[in-house]
1. In square angstrom and rounded to 100, what buried accessible area do you get between chains A and B, total over both, with the probe at 1.4 Å?
2. State which helices in chain B qualify, where a helix is a whole DSSP H run, it must extend 20 Å or more along its own axis by its Cα atoms, and its mean Kyte-Doolittle hydropathy must be at least -1.0.
3. Along the positive direction of the dipole of chain A (beta-carbon charges: Lys, Arg +1; Asp, Glu -1; about the Cα centre), which of A:316, A:216, A:135 reaches farthest?
4. Using amide H atoms built 1.01 Å from N in the peptide plane, name the residues 5+ places from residue A:67, or on other chains, whose amide H lies under 5 Å from its own.
5. Can you sort B:47, B:111, A:84 by 1.4 Å-probe accessible area, starting with the largest?
6. Tell me, what is a quarter of the convex hull surface for the C-alpha atoms of chain A, in nm² with one decimal?
7. Pairs of alpha-carbon atoms within less than 8 angstrom and 6+ residues apart define the contacts here; what relative contact order does chain A have, in percent?
8. In whole Å, how far is the Cα centre of the stretch B:184-259 from that of the stretch B:15-52?
Amino acid sequence: MQTERCSTQSELMHTTTAAPSAQPKKKLSRMRRSDIFWGYLCVAPLTIGLLLFLAAPLCYACYLSLTTYDLFNPPVFVKFDNFIRAFSENETQFWPSVGNAFVMCIGVLLSMAISLVLANLLSGKKKGTNVFRMIYFLPTICSSVAVGIMWKRIYDYQYGFLNQIIGLFGFEKVNWLDSAHAVPSLIFLNVIFGMGTNILLYIATIKNIPRSYYEAAELDGAGGLQKFFYITLPSVSPVSFYILTMGVIGCLQGFAIYQVMTGGSPSNTMMPVMLIYNYAGGNYGAFYGYSSTLAILLGIIIAIVTALNFGLSKKWVYYES
Amino acid sequence: MQVNSGKKFSRAAGSIATYVLLVLFAAFILVPFAYLLSCSFKNAQEINLSAFFPKHWTGANYRAVFEETVMLRAFLNTFLYIIPPVLTGVFMSGLAAYGFARLRFPGSRIIFSLMMATLVIPNIIIMIPAYVMFANFYHWVGTPLPVMIPGMFGSTVMMFFFLNFLRTLPTDYEEAAILDGMSRGGIYISIILPLIKPAIITQTLLSFIGFYNDYLTPLLYLGNNEKLFTVQLAINQMNSAYSVETEKLLTACVVAMIPTSVLFLLCQKYLVDGISLSGLK
């Protein structure tokens with residue numbers, strides 16, 4: 001009823017031209033014209049912003065990627081040399097760094113699984129759920145730089161908190177950020193400090209699953225685990241898909257936390273964005289053309305992975321009706 | 001009888017297991033923060049000792065952070081840089097949402113679809129050419145303008161969030177206002193904005209937190225000039241300094257986390273509701 005009323009009203013609002021003919025036609029057309037005017041005026045700022053700061057740089061990126069450019073001398077057009085260089089043997093860092101970023105994506109999957117379990121536990125009517133929800137969300141609002149510095153200290157070899165703790169139990173000190181341990185250390189940190197939003201999304205979805213599904217399953221004698229696997233898991237699959245897609249896109253573009261914690265050494269913590277930054281006025285000098293090339297390649301990789309995600313989603317994501 | 005007590009037992013065990021798991025993960029998050037906080041009260045002699053709590057609590061680090069480093073200035077800078085884009089960005093995004101939701105004009109569908117398509121463009125592609133453009137065409141590098149101006153036009157994500165919110169609202173008030181002869185601009189300011197207030201608060205908070213915590217953009221544009229540093233750049237500079245004074249660095253981290261944490265504690269309902277809603281669309 002409510003929605004019906006709304007829709008007819010919005011129809012009315014939209015089609016001022018087709019309003020009752022009792023009113024003078026001239027006034028109506030003036031209103032319609034004012035609607036068009038205001039319509040363009042309303043969307044103009046955002047459109048201009050996107051054109052200036054998104055579309056223009058995007059086109060410019062394509063041009064820059066075909067040049068060598070150091071910001072002071074005019075860009076030199078070199079055709080596809082940058083791309084050839086990126087795919088040649090001379091580029092020893094970019095593809096391994098893309099590989100590193102994909103390894104870090106394990107964290108996205110782990111975070112999904114842990115978030116779902118915790119959200120499932122929190123969606124019941126238990127005492128203290130709000131407090132836990134707040135605690136899990138807390139890292140999300142903290143800056144990655146501060147969080148990175150904090151964990152760098154915790155993982156520190158000589159004075160780090162973690163080594164002090166395992167020292168109490170008589171274990172040898174571990175170098176948590178060396179080439180053997182850095183990847184799991186960083187994934188652990190990403191998982192634990194990146195699950196706040198996921199948990200909120202899962203809780204909101206689980207609460208929307210109709211009770212009757214679970215009641216029917218209980219009548220059929222389903223246990224807790226069965227209910228989780230046959231009802232909860234399929235019901236939250238659209239959110240899982242959202243988290244996976246966004247998580248992978250974010251993970252492949254990770255920067256701040258890695259820059260602060262390892263700075264790219266050991267080499268298996270070098271991320272593509274760090275490399276792109278290094279070539280664009282960072283540690284490696286001013287190679288804006290080549291940097292744009294790498295950025296475009298990374299963008300294409302992200303687009304392919306996202307498309308794959310969408311393609312595969314048909315196999316495991318269930319939408320109602 | 002026996003079956004019943006067995007069930008009760010397993011339910012109690014399940015409940016205990018649940019809490020153990022919840023507490024374990026909460027500890028992974030809270031212990032690091034507690035450790036950081038405790039370290040910020042240690043003096044230079046105690047900072048490397050293994051005791052969790054300091055023997056002699058001292059507030060000297062906090063004083064040092066504000067007196068010896070660029071932190072205070074960085075705070076002022078940060079707020080100066082981010083409050084204008086946060087406010088105008090939210091206003092502009094809402095304006096665009098209003099245009100798409102309530103006004104009919106030729107091309108609105110196409111403009112909307114193109115905007116939504118921009119969401120799939122990874123940020124990283126834009127970063128470098130944007131830097132070059134700001135350096136060469138606008139001559140804005142070395143000023144806070146590249147950090148401020150782009151955000152002022154609003155964002156597609158925010159616009160979409162407001163649009164979804166607006167679509168759930170009835171149009172009664174607006175109709176009445178049109179009959180009264182109010183202009184569309186007046187309707188947006190005096191009717192729409194108050195109506196979508198919860199969404200506005202959520203997006204203002206998210207936008208503030210996002211800008212405040214951003215590191216790469218200020219690093220690119222302001223990385224060389226200490227006077228223009230944001231909070232994130234200031235703590236990163238302390239981190240990469242030649243001789244790091246750990247206790248002061250960790251204190252600076254605590255200080256840097258305070259604004260967003262306070263906002264979160266005060267407005268967690270808006271944040272939590274907003275995020276729960278946004279993901280479902």
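1. Interface area, both chains combined: 8700 Å², rounded to the nearest 100.
2. B:2-39, B:71-102, B:197-213, B:246-278
3. A:216
4. A:78
5. The ordering from most to least exposed comes out as A:84, B:111, B:47.
6. 27.3 nm²
7. Once divided by the residue count of chain A, the mean separation gives 26 percent.
8. First find each Cα centre; the distance between them is then 25 Å.
The values are calculated or read from the model by the stated rules, or taken from the named source; none is laboratory data. These figures come from a predicted structure and were not determined experimentally. Positions of Cβ are backbone-derived with ideal geometry, glycine not excepted, and every protein chain shown enters the neighbour counts. Accessible surface is based on the protein model in full, side chains and every heavy atom, while ligands, DNA and RNA are left aside. Shrake-Rupley method; radii C 1.70, N 1.55, O 1.52, S 1.80 Å.
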